[in-house]
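Below is one structure; the comments refer to it alone.
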Amino acid sequence: MFHWLEKNPFLFSVGVFIVIAFAGLVEILPNFAEASRPIKGLKPYTVLQLAGKEVYKKDNCIACHSQLIRPFKSETDRYGKYSLSGEYAYDRPFLWGSKRTGPDLHRVGNYRTPDWHANHMWNPKSVVPDSIMPAYKHQFKNVADLATAYAEAVTVKKVFNTPYGDEIQPGKAAFEKYYKTIALPEAMKIAKAMKNKDVLAMVQQGKIPEVVALVAYLERLK
Amino acid sequence: MQSSAALEYDYSVAKLYMWTAVIFGIVGMTIGVLIASQLAFPELNYLFGEYGTFSRLRPLHTNVVIYGFTVSGIFATFYYSAQRVLKVSMGESKLLNGLGYLQFILYLIAATGMVISELMGITASKEYAQMEWPLDVLIVVIWVLWGVIMFGLIGMRREKALYISMWYYIACFLGVAMLYLFNNMEVPTIFFSGGVGAWYHSVSMYAGTNDALVQWWWGHNAVAFVFTVPIIAIIYYFLPKESGQAVYSYKLSLLSFWGLMFVYLWAGGHHLLWSTVPDWMQTMGSVFSVVLILPSWGSAINMLLTMKGEWNQLTENPLIKFMVLASTFYMLSTLEGPIQAVKSVNAIAHFTDWIPGHVHDGVLGWVAFMIFAALMHMATRAFKREIYSKSLLEAQFWIQTTGVVLYFTSMWIAGITQGMMWRAVDEYGNLMYSFIDTVSVLHPYYTIRAIGGLLYLIGMFMFAYNFLMTATAGRKLEQEPQFRSPMA
């Protein structure tokens with residue numbers, strides 16, 4: 001029946017490729033532009049928040065936490081309003097996750113405070129006695145990589161027209177200026193709200209620990 | 001065909017990949033047992049400081065078993081069986097054989113880079129596509145080399161018609177190439193930042209919902225083109241070869257192949273049910289997932305019927321046991337998947353442990369069992385030695401089968417329990433359980449799962465020992481066995 005095709009590897013491969021490529025075109029392309037639009041009033045992440053997102057990726061919170069509230073009453077009761085496509089417009093990559101070993105975090109900023117997070121990341125059992133989440137004490141010592149986060153902001157501004165202001169410019173001098181005038185004060189606010197002496201001391205020395213960036217990011221999730 | 005008697009096949013590259021399959025199998029499954037135990041006993045998170053938490057190790061587990069163990073198994077079987085079904089030896093072309101070695105070396109470099117970067121937390125964070133852009137570039141090179149070797153061998157072939165296994169290897173090559181490229185489209189930040197930040201960091205070309213769509217178009221089809229398509233290639237070669245039976249139906253294999261190719265790609269949407277992707281796409285994902293039962297069961301039934309009239313081999317030959325149970329698990333898994341893809345079931349199943357349960361009855365029962373059987377079959381030919389111990393293989397089979405059953409049954413119960421508790425309401429319509437209640441209740445199931453995984457790992461060690469002894473101390477064979485692999 002198809003013996004002729006099996007003797008023509010080239011035609012065979014072309015056939016296979018067309019058959020498998022077809023679905024992607026139909027499913028992904030038609031909605032692509034529409035799904036890229038942000039909801040009204042959505043601001044891009046600050047560099048500190050982006051650095052927090054990198055901590056979220058580095059310690060791979062996505063392994064156990066989702067950021068997607070499904071449109072069921074049981075979920076909106078537990079986590080808040082169901083998620084909208086436009087809320088994710090600046091999420092590169094998306095961090096929906098696929099497993100909830102822990103609760104959803106898409107609106108965690110609405111019902112947790114920086115000092116709760118500080119206690120929780122240091123020792124989850126101190127606030128949730130039965131928690132099986134590991135403690136992330138190293139986040140209190142490791143310094144957050146603001147430079148890479150800044151580089152990401154510069155890149156998305158240039159490549160994808162993400163609406164950042166003039167404060168985001170390429171180059172080391174621009175970064176250092178941003179770090180001192182914008183990132184550090186923002187981190188200081190978070191550090192004070194975390195009510196942790198060591199963290200505050202570190203920020204006062206001009207170093208931002210990973211946990212401060214992470215909390216800035218989590219606070220943003222609303 | 002007629003010249004095949006004179007042909008001396010060159011297994012040198014195949015052998016290298018056989019060893020890496022065994023080594024990565026041990027590494028990946030050991031990490032798997034560790035992280036499974038961490039969920040039951042959280043103190044185990046602190047064995048290696050920052051590098052030993054569940055979250056950091058979980059992608060390492062998935063990547064090592066997928067890209068280490070499984071992909072090594074795929075390459076090993078390809079370098080072994082492609083020569084044989086095409087009736088051409090790797091040794092006939094110095095160039096292709098050299099490229100094979102090069103591909104292996106690059107593969108080792110990429111795998112090492114993958115392990116180190118993921119331990120350090122350098123990740124693009126997309127599931128099964130965590131590697132950052134420098135490694136992605138390397139993987140593209142490895143993949144292209146594989147394509148060159150594959151089509152080089154095809155160009156030199158003496159057997160004009162491509163055997164069924166070759167269809168699937170070609171599809172694996174094309175499918176992964178397309179999906180991997182598009183999903184890993186990313187912009188390295190160092191090119192735009194004026195020297196600020198880490199050189200290896202990149203940002204995804206897609207954002208939010210689009211990124212999710214592309215990712216699960218990849219994520220789902222990585223399962224298709226790594227865990228299904230090449231494994232079908234393996235069973236279509238090794239089951240008939242080991243049993244000495246002809247494939248039951250050519251037409252059925254034709255139908256299953258083209259059916260699978262067409263339908264599989266549509267089903268990716270079932271990972272995004274009830275999310276923010278458009279409704280029609282979700283429904284397409286659901287519907288095509290159900291249709292997917294047809295080609296999947298087509299292949300599995302074709303393989304089972306190949307044993308028609310020879311079922312006695314099931315009791316006599318452990319390799320046949322592995323392969324027959326593998327196709328049975330394939331049927332189970334491809335029935336379970338579509339059930340989970342029904343929107344109402346998915347509302348309960350999604351985000352729960354039923355999903356890893358489903359994955360593992362597929363990968364432990366189907367993928368790994370096929371790779372074990374193929375590795376042993378190849379060992380007798382590549383090393384020209386008898387299998388070291390039949391009884392060890394038998395014991396491995398039963399221990400691992402018990403392990404898989406414990407694994408997926410406990411995860412079924414855990415998943416459905418948790419899914420139901422998340423949505424349970426009291427008589428006034430208030431949620432009945434806080435989230436932590438739904439975690440604590442899982443402890444016994446997490447423990448059973450860890451035990452199941454441990455049994456499977458023990459079997460993996462038995463296999464590794466058996467394989468090592470076969471390669472080094474098995475009784476020497478005068479010539480390649482034709483069908484059934486001899487074993488002591």
Self-check item: Candidate lysines for bridging to B:Lys321, where Cα separation is under 21 Å - those fewer than 8 sequence places away on the same chain excluded
Solution: B:Lys241, B:Lys308, B:Lys390
Quiz item: Using a Gaussian network model of chain A with C-alpha springs under 10 Å, which one of A:Ala135, A:Ala21, A:Ala89 is most mobile by mean-square fluctuation?
Solution: A:Ala21
Practice problem: Report, in deg cm²/dmol and to the nearest 500, the calculated mean residue ellipticity at 222 nm for chain A, where each DSSP H run with n ≥ 4 adds -39500 (n - 2.57) and the sum is divided by the residue count. | Solution: -14000 deg cm²/dmol
Quiz item: Mind listing the phi-derived Karplus ³J(HN,Hα) values for the stretch B:287-301, rounded to whole Hz, using 6.51, -1.76 and 1.60 with θ = phi - 60°, and x for any glycine or proline?
Solution: 4, 5, 5, 5, 4, 4, 4, 4, x, 5, 5, x, 5, 5, 5
Quiz item: Considering chain A as a Gaussian network with a 10 Å cut-off on Cα pairs, which listed residue, A:Leu11, A:Leu184, A:Leu105, attains the greatest mean-square fluctuation?
Solution: A:Leu11
Practice problem: Can you check what the net charge comes to around B:Ala111, using other residues whose Cβ is under 15 Å from the Cβ of B:Ala111 (Lys, Arg +1; Asp, Glu -1)? | Solution: -3
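Quick check on the protein assembly as shown: what does the Kirkwood estimate of hydrodynamic radius come out to from the alpha carbon pairs, in Å?
Working: mean 1/r = 0.0377 Å⁻¹.
With all distinct Cα pairs of the protein assembly as shown included, I get 26.6 Å.
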Practice problem: Give a residue-ordered list of calculated ³J(HN,Hα) values for the stretch A:38-53 (Karplus: 6.51 cos²θ - 1.76 cosθ + 1.60, θ = phi - 60°; whole Hz; x for Gly, Pro). | Solution: x, 6, 4, x, 6, 9, x, 5, 6, 4, 4, 5, 4, 4, x, 4
Self-check item: Other-chain or far-sequence residues with amide H under 5 Å of B:Val203's (modelled H)
Solution: B:Val187, B:Thr189
Practice problem: Enter the Cα centre distance for the pair the stretch B:63-79 and the stretch B:436-488, rounded to the nearest angstrom. | Solution: 16 Å
Practice problem: Anything over 29 Å Cα to Cα? Flag those among A:Lys137/B:Lys343; B:Lys160/B:Lys476; B:Lys126/B:Lys343; A:Lys172/A:Lys222; B:Lys87/B:Lys126, in the order listed. | Solution: A:Lys137/B:Lys343; B:Lys160/B:Lys476; A:Lys172/A:Lys222; B:Lys87/B:Lys126
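For each pair in B:Lys15/B:Lys384; A:Lys57/A:Lys81; A:Lys58/A:Lys189, compute the distance between the two Cα atoms and list the pairs where it is over 18 Å.
Details: B:Lys15/B:Lys384 12 Å; A:Lys57/A:Lys81 24 Å; A:Lys58/A:Lys189 24 Å.
A:Lys57/A:Lys81; A:Lys58/A:Lys189, as the Cα separations exceed 18 Å there.
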Exercise. With a Förster radius of 51 Å, plug the Cβ-Cβ distance of B:Glu394 and A:Lys177 into 1/(1 + (r/R0)^6) and report the FRET value to the nearest 0.05.
Key: 0.15
Quiz item: Once label points are set 7 Å from the Cα along Cα→Cβ at both B:Thr402 and B:Val137, what is their separation, rounded to one decimal in nm?
Solution: 5.1 nm
Quiz prompt | ³J(HN,Hα) computed for each position of the stretch B:106-118 - Karplus, 6.51 cos²θ - 1.76 cosθ + 1.60, integer Hz, glycine/proline x | solution = 4, 4, 4, 4, 4, 5, 5, x, 4, 5, 5, 5, 6
Quiz item: Under a plain spin-label model, where a point goes 7 Å from the Cα along Cα-to-Cβ, how far apart in nm are B:Leu181 and A:Asp166?
Solution: 4.3 nm
Quiz prompt | Mean-position separation - Cα centroids, the stretch B:324-382 and the stretch A:18-61, in angstrom | solution = 30 Å
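Using only the Cα atoms of the stretch B:204-292, what semi-axes does the equivalent ellipsoid have when each is the square root of 5 times a gyration tensor eigenvalue? Give whole Å, largest first. The partial results should precede the final answer.
Details: eigenvalues 216, 41, 13 Å².
Taking √(5λ) for each Cα gyration eigenvalue gives 33, 14, 8 Å.
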Quiz item: Going from the alpha-carbon gyration tensor of chain B, what semi-axes, largest first and in whole Å, does one get by taking the root of 5 times each eigenvalue?
Solution: 36, 27, 23
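Values in this text are rule-based calculations from the coordinates and carry no lab data. Note that the coordinates shown come from a computational prediction; the quantities given were computed from them, not determined experimentally. Positions of Cβ are backbone-derived with ideal geometry, glycine not excepted, and every protein chain shown enters the neighbour counts.
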